[in-house]
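Undergrad: Here's a structure for you.
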Amino acid sequence: MSNKLSVLLEQNGVLLLDGATGTNLFGMGLQSGDSPEFWNVDHPDRIAKHYRSFIDAGSDVVLTNTFGGTAYRLKLHDGQDRVQELNVAAAKILCEQVAASGRDVVVAGSMGPTGEILEPAGSVTIEEAQAAFTEQALALKAGGVDVLWIETISSLEESHAAIRGASAAGLPIVLTLSIDTNGRTMMGVTAADLVNLQRELEVPLLAFGTNCGVGAAEVVAAIMNMQKTADENQMDTVLVAKGNCGIPEWVNGEISYSGTPELMATYAKLAMDAGAQIIGGCCGTTPGHVAAMRAAIDDHNKGNSPDIQHVIDTLGSVTAGAQAQLKGDQSVEGGAVSKGRRGGRSRRR
């Protein structure tokens, strides 16, 4: 399939993603508990400024402000009937900013989880979730996105629902899981499980990987585990790393992330060495961090995959589960982490 994302990957080898949506919108006045997606209509100037800040920082791929754009998530704000309106608006604003910038930037339609637990663990069926993802995907396509970007998923069931739903739009699809529980997602999915999922999919993914989670070190470890599994199975992959900007801390009544531009620049180089070809920042990542990552990627030639101890010494703690998986042991449970400079958990946005 010929598409903008594949073309840029072929040209550049490694692409830079954007940073956090929620973190930056909070800085513009978004209040906790409000729907960021409503701003696509209520404050389009602020959404345009948000997009343009990451375009100007050097991002090759920018995500739309539609993470909570399914009917399930919008229902929390009595907006379940506004899926088409809000997703189309978000995509059109980003397309306009890309065109005005004069840069060749991929418009990626963000699709986050429904927030529901799917069968068999929950009550929502795969078919019901699929229908919600289809509705959002078609709206994003109508707004002009180049690719559908499914992110922060925790279960294989919702992965299948999201991919099947997104496939109705006929656009390239990217999937990232949030690995945040001792080398696994909240629903127990490992990095290796995500790689092996590719054999089960009716629609192939253009790229897959991990976002959000515990911190930058854990994201690099997850990429190392994905690359290891792909190599063992002789699979060609395009891996995505979108790590949080350090660890969240409560400072003066607000959530603040510990990562500096220097740390995120180092993370970008280590993620590149580990095998990621699309690299960005999640929670806490500002345009300033992304600009530092741009400079680091442009100045770095891919090296050998890093030693896990080097990742720990440089970026912070890596859970015991993730380390065990690198050694081929998928059975480690519990929350123990190795000694390092940072540890903890974070959530998307």
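The values are calculated or read from the model by the stated rules, or taken from the named source; none is laboratory data. As the structure is a computational prediction, the values presented were derived from the model and not from experiment. We place every Cβ from the backbone using ideal geometry, glycine too, and count neighbours over all the protein chains shown. Just so you know, the surface numbers come from the protein's heavy atoms only, side chains and all, with ligands and any DNA or RNA stripped out. Shrake-Rupley method; radii C 1.70, N 1.55, O 1.52, S 1.80 Å.
Undergrad: Checking a compactness column here: for segment 107-154, what do you get for Rg(Cα) / (2.2 N^0.38 Å), N being the number of residues?
TA: 1.23
Undergrad: Based only on Cα atoms, what mean projected area does the convex hull of segment 234-290 have, in nm²?
TA: Computed as one quarter of the Cα hull surface, the answer is 4.3 nm².
Undergrad: Related question: Does segment 8-155 come out rounded, prolate or oblate by the C-alpha gyration tensor, with a ≥ b ≥ c the root eigenvalues, rounded set by a/c under 1.5 and, if not, prolate when a/b is larger than b/c and oblate if not?
TA: prolate
Undergrad: Please state the charge dipole magnitude for segment 36-157, taken about the Cα centre, from unit charges on C-beta atoms (+1 on K and R, -1 on D and E), reported in debye and rounded to the nearest 20.
TA: Using only the charged Cβ atoms, the result is roughly 420 debye.
Undergrad: Quote the charge dipole size of the chain about the Cα centre in Debye, to the nearest 20; the model charges only the Cβ of Lys and Arg (+1) and of Asp and Glu (-1).
TA: Rounded to the nearest 20 debye, it is 580 debye.
Undergrad: What is the sum of charges, Lys and Arg at +1 and Asp and Glu at -1, for the other residues whose Cβ falls under 9 Å from the Cβ of ILE126?
TA: Net charge around ILE126: -4.
Undergrad: Shifting gears a bit: If you count the DSSP beta bridges with both ends in segment 1-159, what percent of them are antiparallel, to the nearest 5?
TA: Counting DSSP beta bridges with both partners in segment 1-159, the antiparallel share is about 0 percent.
Undergrad: Please compute one quarter of the surface area of the Cα convex hull for segment 1-52 and express it in square nanometres.
TA: 5.1
Undergrad: ASP299 versus ALA100, label points 7 Å from Cα toward the beta carbon: distance in nm?
TA: Label-label distance for ASP299 and ALA100, simple model: 3.1 nm.
Undergrad: In addition: When the helices in the chain are scored as -39500 (n - 2.57) per DSSP H run of 4 or longer and the sum is shared across all residues, what 222 nm value do you end up with, to the nearest 500 deg cm²/dmol?
TA: Computed ellipticity for the chain at 222 nm equals -13000 deg cm²/dmol.
Undergrad: What is the sum of charges, Lys and Arg at +1 and Asp and Glu at -1, for the other residues whose Cβ falls under 10 Å from the Cβ of GLY275?
TA: Here the charged neighbours net out to 0.
Undergrad: Let me check I have the definition right: for the chain, take the eigenvalues of the Cα gyration tensor, multiply each by 5, take square roots. What are those semi-axes in whole Å, largest first?
TA: The answer is 28, 23, 20 Å, longest axis first.
Undergrad: With both bridge residues required to lie in the chain, what share of the DSSP beta bridges run antiparallel, to the nearest 5%?
TA: 20
Undergrad: Roughly speaking, what is the centre-to-centre gap between segment 15-47 and segment 256-306 when only Cα atoms are used, to the nearest Å?
TA: 22
Undergrad: Report in % the part of the accessible area of segment 1-121 that belongs to carbon and sulfur, leaving out ligands and nucleic acids; probe 1.4 Å.
TA: Exposed carbon and sulfur together represent 47 percent of the surface.
Undergrad: Which residues' amide hydrogens lie under 5 Å from the amide hydrogen of GLY246, considering only partners 5 or more residues apart or on another chain, with H built in the peptide plane?
TA: ALA216, GLY259
Undergrad: Distance between the C-alpha centers of segment 158-184 and segment 108-146? Whole Å please.
TA: About 9 Å separates the Cα centre of segment 158-184 from the one of segment 108-146.
Undergrad: Hey, if you put +1 on the Cβ of every Lys and Arg and -1 on every Asp and Glu Cβ in the chain, which of LEU16, ALA121, VAL311 ends up farthest toward the positive end of that dipole?
TA: So the residue furthest toward the plus end is VAL311.
Undergrad: With all protein chains present, how much of the accessible area of segment 130-289 (probe radius 1.4 Å) comes from carbon and sulfur, to the nearest whole percent?
TA: On segment 130-289, the fraction of accessible area on carbon and sulfur atoms equals 48 percent.
Undergrad: While we're looking at this one, here's another question. With r defined as the distance between the Cβ atoms of LYS327 and VAL41 and R0 fixed at 51 Å, what FRET efficiency is calculated, to the nearest 0.05?
TA: Step by step, r from the Cβ atoms, then E = 0.50.
Undergrad: Give the accessible surface of the chain per residue, rounded to a whole number of Å², with probe radius 1.4 Å and ligands, DNA and RNA excluded.
TA: 39
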